[in-house]
Amino acid sequence: MRAKLVSIFVLALLLPLVPSSLDPLPAVEAASGCSGEIPSVRWNETVSRVALTPSTANYWFYDDWDMDGNNRRGGGFEESSPEPDFNPNTSAVEPEESWMRSNDFWTLEPLEENVRATMLVGNNSVGAYMFNFSSTHRSTICVSLQGLNDGNYSAVKGDVYMLTSTEWDRYSRTYSQSMDGDDWWEDSLADLPPEWRSFNVMGWDTYRDAHQYEAIDEVTFSIALDGPEVHSTLWGEAQWEQFYLVVDTWDNDHGNDAIPPGMVTVADVTIIVEERGVVLPNWTVSLTCMSTMIAVLITPFVMNRKYMGAGLEVNLAEMPAKLMPSLEQEKI
């Protein structure tokens, strides 16, 4: 009876380790993951448009204040040189508008509705949509890229990244330094393992070290959060992390990224959200791992006790009844 109770307890603790293929929730499929009813986009409420371009890369953005003491979040940026009509670093006019560079200060609502939008990204530039993913919904993101040159569409390769606010700040700083020609660190970072790039002053990495899709023309992936992306600092302040879906058309410091296409890139983005079922709290992972280790440790002791105790129990019902020893021998 005791062995059965122990087995039931161990199985209950190992239940969260069952493969996801047995999850009662249906898996997101790339073929049908981006179909559904698409409402109108509520700009700057659930989605915000952000951009980085070579002509605006030399903004002073190391903090929220410029050299003259003006708040860059409230009144825009001060440029170190006038913005040209045609950027010499590109082979096409920049389709981005100037306000996109300083449009990342919004606190967006949790994304609980489908979204579809199209962005134009200039050559050697960065286009991004900013979201606040909901922890109660699973989001499937589909991105397809096409090149646009003189009104004609053509095949093109680009890079798609998912970044948080902190990662976006590091990424945009690297972009600005590269556009200014101060990219002496690029060769060293190209060979640096991804798990160590965040420790480098000029390094950057993607969300969960996984959501980077380079030299592609289309991609489909999904994100499901365990909880809101809120981090507490050493001083007790809460830092809210929002998400940036980045379309990259410049030659960044990753070794396998796409080269600039030499034309405008059209990115069609679709996000389908679906409400999740039962979401286990984070502490169940620690409990499961700890219980597994304890079960592995006590199993040898239980087996040894069973082995040493085998044969020591005497069944009196099966023994012949002899009240006292006798020296008489049975006759044959």
Flagged in region 237-256 as at pLDDT 90 or above and in a strand (DSSP E or B), in numbering order, are Phe243, Tyr244, Leu245, Val246, Val247, Asp248
Note: among Val156, Val143, just one is of a type in the set (Val, Ile, Thr) and farther than 30 Å from Gly227 by Cα, namely Val156
Here the qualifying pairs (Cβ atoms under 6 Å; residues six or more apart or on different chains; first in region 104-132 and more than 16 Å from Val160 (Cβ to Cβ) and free of Cβ contacts under 8 Å to residues at least 24 places away in the same chain; second crowded, with 22+ Cβ neighbours inside 10 Å and not aromatic (Phe, Trp, Tyr)) come out as none
For region 278-298, pairs from a residue that is within 19 Å of Gly227 (Cβ to Cβ) and touching a residue at least 12 places away in the same chain (Cβ under 8 Å) to a residue that is not aliphatic (A, V, I, L, M) and not in a helix (DSSP H, G or I), with Cβ under 7 Å and 6 or more apart or across chains, are Asn282/Asp226; Asn282/Gly227
Take Val115 and decide whether it is closer than 29 Å to Gly227 by Cα, surrounded by 11 or more Cβ atoms within 10 Å (Cβ to Cβ), modelled with pLDDT of 50 or more and under 28 Å from the mean Cα position of the chain (by Cα).
-> yes
Within region 27-57, residues closer than 12 Å to Arg101 by Cβ, part of a loop (DSSP other than H, G, I, E, B) and either in contact with a strand residue (DSSP E or B) (Cβ under 6 Å, 6 or more places away or on another chain) or at pLDDT 90 or above (or both) come out as Thr53
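The rows are residues; the columns are (1) surrounded by fewer than 15 Cβ atoms within 10 Å (Cβ to Cβ); (2) modelled with pLDDT of 90 or more.
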| position | (1), (2) |
| --- | --- |
| Ser154 | yes, yes |
| Thr164 | no, yes |
| Tyr171 | no, yes |
| Thr174 | no, no |
| Met179 | no, no |
| Asp187 | yes, no |
| Pro193 | yes, no |
| Arg197 | no, no |
In region 150-172, residues that are outside any strand (DSSP E or B), of a type in the set (Gly, Ala, Ser) and either in contact with a strand residue (DSSP E or B) (Cβ under 9 Å, 6 or more places away or on another chain) or closer than 14 Å to Tyr129 by Cα (or both) total 3
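Mind listing whichever residues of region 133-144 are in a strand (DSSP E or B) and either without any contact (Cβ under 8 Å) to a residue 60 or more places away in the chain or touching a Pro at 6+ places or on another chain (Cβ under 9 Å) (or both)?
Initially, region 133-144 is screened for residues in a strand (DSSP E or B), giving 133, 137-144.
Within region 133-144, Phe133, His137 meet the criteria.
Would you please name the residue that is nearest to Ser286 (Cα to Cα), looking only at residues in region 199-236 that are assigned to a loop (DSSP other than H, G, I, E, B) and at pLDDT 80 or above?
Taking region 199-236 as the starting set, the residues that turn out to be assigned to a loop (DSSP other than H, G, I, E, B) are 199-206, 210-211, 217, 225-229, 233-236.
Applying the additional criterion that residues be at pLDDT 80 or above yields 204-206, 210-211, 217, 225.
Details: Trp204: 29, Asp205: 26, Thr206: 25, Ala210: 22, His211: 25, Asp217: 39, Leu225: 17 Å.
Result: Leu225.
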When region 257-272 is checked residue by residue, the ones that are surrounded by fewer than 20 Cβ atoms within 10 Å (Cβ to Cβ) and in a strand (DSSP E or B) are Val266, Asp268
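The values are calculated or read from the model by the stated rules, or taken from the named source; none is laboratory data. As the structure is a prediction and not an experimental result, all values here were calculated from the model. Quick reminder, even Gly has a Cβ in these numbers, built from the backbone with ideal geometry, and neighbours come from all protein chains shown.
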